[in-house]
Amino acid sequence: MKKILVVHGPNLDLLGKREPEIYGHETLADINAAIEAEGASLGLSCVFFQSNYEGGIIEKIHEAMEDYDGIILNAGAYTHYSYAIRDAIAVVKKPCIEVHLSNIHARDEFRHTSVIAPVCTGQIAGFGSYSYILAIRALSHLCI
Ligand code: DQA
């Protein structure tokens with residue numbers, strides 16, 4: 001079974017409470033359960049990781065070099081300025097789907113730039129928690 005690493009960045013641990021008008025009412029546990037179920041139906045096993053720390057996210061992404069077949073990454077605000085996370089994705093050389101709950105292109109100007117997008121296979125943004133479901137489907141298409 002192919003193994004997918006699902007990484008959630010800063011403040012995503014507060015989903016459900018955090019600006020629900022933007023990010024919805026589902027908790028991170030709800031979202032992970034939906035990703036896990038979709039993954040299982042596609043023959044993919046998922047491992048979930050959330051951190052509010054850049055270094056923790058980077059070290060987890062490094063593990064994908066040996067241990068995972070693909071990555072789903074919502075880097076939160078790090079998306080917009082973390083060259084270190086970008087470099088980690090680039091070194092791992094595994095398909096990585098960038099995910100956002102909100103449509104970052106329709107929000108504040110600083111959110112329009114993703115410094116990680118150029119090293120990701122693709123970006124899915126704006127579909128709420130369904131962005132993650134689209135991402136796992138995209139990975140199943142790429143990883144098989
Ligand atoms: C986000 C969008 C980012 O701009 C923001 O900083 C987040 C969440 C999203 O999923 O819509 O933390 O990545």
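FYI, it's all coordinate maths here, none of it is from the lab. Computed from a predicted structure; not experimentally measured. Positions of Cβ are generated from backbone atoms using ideal geometry, with glycine treated the same way; all protein chains shown enter the neighbour counts.
Things to note:
- Residue 13 being within 21 Å of residue 81 (Cα to Cα) and within 16 Å of the ligand (Cβ to nearest atom): yes
- Condition check for residue 137: in contact (Cβ under 8 Å) with a residue 24 or more places away in the chain, surrounded by fewer than 21 Cβ atoms within 10 Å (Cβ to Cβ), within 14 Å of residue 3 (Cα to Cα) and of a type in the set (Lys, Arg): yes
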